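> First, the structure itself, so that you have it in front of you.
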Amino acid sequence: MTPIGSQIIALLAQHQIKYQQQSHSAASTCEQSAEQRQLPMALGGKSLLFRSRYTANSFHQGDFAMIVVPADQQVDSQKVRRFLGCQKLRFASSAELMAIAGVEKGALPPFGSGLIDVPMYLDEALKSNQTIAFNCGVTTESIIMAMSDYLSLVPAVWGQFCRDE
């Protein structure tokens, strides 16, 4: 397990939160992860790390931001850009993902703000889920837990980031 995965397990134990940990074959896409977990894809939390260029008037003043959306949804980068108030926005590179979070693509857990020094923003569509599942720092380990417990651990800043259907 990666350092961030170990930190998540320790955080869950510290707060006496019940969770299920699953070891499975490598799953770097949302579809693969849902299949390995044998859960609906909508219960997955898809964590995306963005690199941003901001202005002095921007809501978001960092170089990076984590956006978490339901795994069955696509992120609308224009909505993210408008929400953050940044001039430019792109997905973080594999090297940036490794440098900031110590994980490879597909393994980023939805724990910015507290465990890595990146502001995190949650899509409002997640509010309707009772459960959240996510890769825990590697593509072969998943955590499944109650959404209410997850929200008790992370500072939730809500926005609308999913593409309109």
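Derivation of every value follows stated rules applied to the coordinates shown; laboratory data play no part. Because the structure is predicted, anything quoted here is derived from the model rather than measured. Cβ placement follows ideal geometry from the backbone for every residue including glycine, while neighbour counts extend to all protein chains displayed.
> Under a straight-distance cross-link criterion of Cα-Cα below 18 Å, which lysines are reachable from Lys88, leaving out those fewer than 8 residues away in the same chain?
Partners found: Lys79.
> Please figure out what share of the DSSP beta bridges in region 3-159 is antiparallel and state it in percent, rounded to the nearest 5. Mind dumping the intermediate values first?
On the way: 22 of 28 bridges.
Once the DSSP bridges in region 3-159 are tallied, antiparallel ones form about 80 percent.
> Tabulate in residue order the Karplus-calculated ³J(HN,Hα) for region 152-165, using 6.51 cos²θ - 1.76 cosθ + 1.60 with θ = phi - 60°, rounded to whole Hz; enter x for Gly and Pro.
Running phi through 6.51 cos²θ - 1.76 cosθ + 1.60 with θ = phi - 60° gives 6, 9, 10, x, 8, 10, 9, x, 10, 10, 7, 5, 6, 7 Hz.
> Name the long-range amide H neighbours of Ser113: under 5 Å, sequence gap of 5 or more, or other chain; modelled H, no Pro or chain starts.
For Ser113, whose amide H was placed from the backbone, the distant partners under 5 Å are Val118, Met120.
> Ranked highest first by the average count of other Cβ atoms within 10 Å around their residues, in what order do 103-116, 82-95, 120-133 fall?
So the order, starting with the most tightly packed, is 103-116, 120-133, 82-95.
> If packing is taken as the mean number of other Cβ atoms within 10 Å per residue, what is the order of 69-76, 26-33, highest first?
Put in order of decreasing packing, that is 69-76, 26-33.
> Still on this structure: Kindly put Ile143, Ile4 in sequence by how many other C-beta atoms sit within 10 Å of each C-beta, fewest to most.
Ile4, Ile143
> Still on this structure, I have one more. From the helices alone, meaning DSSP H stretches of at least four residues, give me the mean residue ellipticity at 222 nm for the chain, per-run term -39500 (n - 2.57), in deg cm²/dmol to the nearest 500. Don't skip to the end; give the middle numbers.
Working: 5 runs with 43 residues, N = 165.
Rounded to the nearest 500, the figure is -7000 deg cm²/dmol.
> Something else: For Met1 and Ala99, calculate 0.36 nm times their separation in residues minus their Cα-Cα distance, and state this gained length in nm to one decimal.
Working: separation 98, 0.36 × 98 = 35.28 nm, distance 1.66 nm.
Stretched fully, the Met1-Ala99 segment lengthens by 33.6 nm.
> Using each residue's phi in region 115-128, evaluate 6.51 cos²θ - 1.76 cosθ + 1.60 at θ = phi - 60° and report the 3J(HN,Hα) Karplus result to the nearest Hz, with x for Gly and Pro.
With coefficients 6.51, -1.76 and 1.60, one gets 9, 10, 7, 9, x, 10, 10, 9, 6, 4, 4, 5, 4, 7 Hz.
> Counting only Cα atoms, I'd like the Rg/Rh figure for the chain, Kirkwood definition for Rh.
0.94
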